[in-house]
1. When you look at residue 71, is it assigned to a helix (DSSP H, G or I), of a type in the set (A, V, I, L, M, F, W, C) and within 60 Å of the chain's Cα centre (by Cα), yes or no?
2. Quick one: would you say residue 229 is buried (at least 16 other Cβ atoms within 10 Å of the Cβ), within 48 Å of the chain's Cα centre (by Cα) and farther than 25 Å from residue 162 by Cβ?
3. Report whether or not residue 200 is in contact with a Phe, Trp or Tyr (Cβ under 8 Å, 6 or more places away or on another chain) and either modelled with pLDDT under 80 or at positive phi (or both).
4. Within the range 314-331, does at least one residue satisfy the condition of being among the hydrophobic types (A, V, I, L, M, F, W, C) and either in contact with a helix residue (DSSP H, G or I) (Cβ under 9 Å, 6 or more places away or on another chain) or under 18 Å from residue 199 (Cα atoms) (or both)?
5. Residue pairs, Cβ under 6 Å, 6 or more apart or interchain, first in the range 27-45 and free of Cβ contacts under 8 Å to residues at least 60 places away in the same chain, second polar (S, T, N, Q). List them.
6. Can you pull out the helices (runs of 4 or more DSSP H) entirely within the range 279-394 that have at least 1 residues that are at pLDDT 75 or above and either more than 30 Å from residue 258 (Cα to Cα) or not assigned by TED's automatic domain parsing to the domain that holds residue 235 (or both)?
7. How many residues are more than 17 Å from residue 251 (Cβ to Cβ) and either among the charged types (D, E, K, R) or surrounded by fewer than 22 Cβ atoms within 10 Å (Cβ to Cβ) (or both) when one looks only at the range 192-208?
8. With (1) in contact (Cβ under 8 Å) with a residue 12 or more places away in the chain; (2) surrounded by 15 or more Cβ atoms within 10 Å (Cβ to Cβ) as the list, and residue 219 as the residue in question, which single condition is left unmet?
Amino acid sequence: MITVQGQVYALSDPIVLLMLAGGALFMLVIWLLIASARAAQHSARLVEPLAMQMGQVGARIQALGEGQERLAGGLHHVSEAQATSQTAMLQLMEQRLAAVQLQMTETLHGSARRTAQSLGDLQQRLQSIDKAQDNISKLSGDVLSLQDILSNKQTRGAFGEIQLNDIVGKALPRDSYTLQATLSNGKRADCLIHLPNPPGPICIDSKFPLEAYEALRRADTQDQLTRAAQQLRLAVRKHIRDISEKYIIEGETADGALMFLPSEAVYAELHGNFPEVVRDGFTARVWIVSPTTCMATLNTMRAILKDARMQEQAGAIRRELGLLYADVDRLGTRVESLDRHFGQAAKDISDIKISADKAGRRARRLDNFDFEELEGTSDSGAASPLIPVVDQSS
C-alpha cells in the first residue's frame, strides 16, 4: 500500500502502477539526459581538437582551392603557350620537311642521273670486258695453236722461218736477199743476203732448240738441271756445226753465217748461262742472233748495201756529172748569145726612138709653117719645104 497526500493506494492499482511507471520513466529520462549531457560534454572535449583540425583542414582545403585555381590559370597559360609552340613547331617542321623533301628530290634526281650514267659506263665497261674476253679467248686459241706449232719440229721450223722472213723483209730491200736459196753444195739456206765482196753473200738459218730449253726450265733437281743444261749445249753446238758445214762455202759465201733464234728467252739464256757455247759459235764463225739483234745486224747490212750500190754507181754518177757540166757550158754560151741579142735589140730600140723624135720635130715644124709663104717660095723656084728631106743620119 502506498499513501499519497492522505490517500492510500494499493500497489496493484493500475493508477499506481501507471504512476510508478511514469515516475520510473521520468527518472530514466532524467538519467539519460544527465548521461547525455555528460557524454556531450565529454564528446565536446573530445571533438574540440578534431574541430580545430577540421578548421585547419578547411583552411588548407581553401588554400588548396586557391592553389588549384592558380594552377588552373597556369595550366591554361601553359596550354595556350604549348598550343602556340606546337603551332610554331608544326610550321617549322613543315618548312623543314618541305626543305628535306626538296633536297631528297634533288638528291634522288642526282642519284638517278648518276646511277644512269654509272649504268651506262658499266655497260660500256661490260662491253669492253666482253671484247677483252673475246680477245682473251682468241688469244687463248692462238696460244694453244702456238703450242701445237711449237710442239712439232717441222711446224716449229716453219714458225722460225716465217719470223725470219718478216724481219728480213722489213729491214732490207727485196732485191738484196733470196729466201730458201740453194747453194752449190745442194744445201738450202733459209735466207741469203747478197752482200758485196768483201764479205760476200752471207747465209741466215733459223734454229729453235725448244725441247732442251723447256727441259732446262722444268728442271726441279740439280741432277735434272745438269742433264738439261748438257742437252741444251749439245743441241746448240750441233746447230752451230751444221750451219758452219752447210752454209759457209769458200769463194761462194761470206766467211761466216748467222744462226737465227726466234726466241729472246733462249738467246738470253745462252748469253747469260752458256757463254762457252756462244764462244764456240764465234770460233766456228757462226754468230747467234735473236729477233732484236737480227734486226740491228740487218740494218747494218743495209748500210753496207747502200754504200756498195753508191760505189757501183760512181761511174754513172761521173758520166752524169760530165753531161751536166756540158749542159751548163751550153747554157752559159746561149745566155751570152741572148745577152748580145738583147744588147742589139736595145740599140735598135734606141735608134728607133731617135728617129721617132726627129720625125716628131719635123711634124711640129711643118704644122707651124705659113702656107702663103710656102706658095711664094715655091714660085721663086726654091725647094718646097713640104717635101721632107731625108736625114741620112737617121
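The values are calculated or read from the model by the stated rules, or taken from the named source; none is laboratory data. It should be emphasised that the depicted structure is a prediction, and the values quoted were computed from it without experimental measurement. We place every Cβ from the backbone using ideal geometry, glycine too, and count neighbours over all the protein chains shown.
1. no
2. Working: buried (at least 16 other Cβ atoms within 10 Å of the Cβ): yes; within 48 Å of the chain's Cα centre (by Cα): yes; farther than 25 Å from residue 162 by Cβ: yes.
Considered against the rule, which asks whether it is buried (at least 16 other Cβ atoms within 10 Å of the Cβ), within 48 Å of the chain's Cα centre (by Cα) and farther than 25 Å from residue 162 by Cβ, residue 229 comes out as yes.
3. no
4. The answer is yes; a qualifying residue exists.
5. none
6. 314-367
7. 3
8. Exception for residue 219: condition (1).
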